[in-house]
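Q: Following this message is one structure expressed as structure tokens.
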Amino acid sequence: MLNYSVWDFWADKYESLWVQKYSLGPSRREIIKVLAPMLHAGRKYKLLDMGCGTGQLIRELKGSFKEFDIEYWGVDISSKMIDRCREQDHETPYKVSNIDDFEAAPEEFDFIICSHSFPYYPDKPSAVGKFHQLLKKDGVLFLVQASANSWYDHIAMFFVKFTTSKAQYLSVKSIRSLIRSRFKEKDIILIKEKAYMPTICLFLLKKEDGR
């Protein structure tokens, strides 16, 4: 069971936490960098940020891609986080929901971004299936998470758990095994601006027919 109260507690402080500088901020910058060449003038896109927190990523995407026709959606389990989203962005539809209960039409989105929320999902295979269902044919999932691959990663993430809800930081090998039946792996990008940070990976995953 997810501990919603932890994220409600951090909502007002979230954008000033130390992880913004060394983890969340670098992740957002990498997502924007990787998404840029996928966008084309004259096309309409629909993008979902699942686990959007206070909406930082969506606001930065909107600032970076003003010339493109993109409809953004933000979803988070914390009502306090969503309140912060709506205070700073009055245009984007933000919804309080978890991944399992989120309702949208099948093949609704061109892009789904799940940045640092996946470790907190109790049923990860089900979440991967839901992402696959919501993406259009050839849609792309940006899955970003801290990944425990070494003794150092395990130690670093052990201390992170004291300020978050219950989490499982899967290794790269485990993530690849989990998504294999649903997505084609386009790339795995290491996000590590500081040597002392644990492994953070951006898994770039494409939905294809027959998967």
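Q: I want to check the label-to-label distance for SER16 and ASP83. Put each point 7 Å from Cα in the C-beta direction and report it in nm to one decimal.
A: Placing both labels 7 Å along Cα→Cβ, they lie 1.7 nm apart.
Q: How far apart, in nanometres, would the label points at ASP69 and PHE9 be if each is projected 7 angstrom from Cα along the Cα-to-Cβ direction?
A: 4.6
Q: Name the residues whose placed amide hydrogens come within less than 5 Å of the amide hydrogen of GLY139, ignoring near sequence neighbours (fewer than 5 apart) on the same chain.
A: LYS207
Q: Counting other Cβ atoms within 10 Å, keep those with at most 10, restrict to DSSP loop, and tell me which GluC sites (Glu not before Pro) in the range 85-138 are left.
A: Answer in residue order: GLU91, GLU103.
Q: Name the long-range amide H neighbours of GLN145: under 5 Å, sequence gap of 5 or more, or other chain; modelled H, no Pro or chain starts.
A: HIS116, CYS201, PHE203
Q: Here's another thing I want to ask about it. Rounded, prolate or oblate: which fits the range 27-139, taking a ≥ b ≥ c as square roots of the Cα gyration tensor eigenvalues, rounded meaning a/c under 1.5, else prolate when a/b beats b/c?
A: oblate
Q: From the cross-link list LYS13/LYS173; LYS62/LYS173; LYS46/LYS124, which pairs have alpha carbons spaced over 28 Å apart?
A: Too far apart for the 28 Å limit: LYS13/LYS173; LYS62/LYS173.
None of the figures in this text is laboratory data; all of them are computed from the coordinates on show. Since we're looking at a predicted model, the values are computed, not measured. Every residue, glycine as well, gets a Cβ built from its backbone with ideal geometry; the counts of neighbours run over all protein chains shown.
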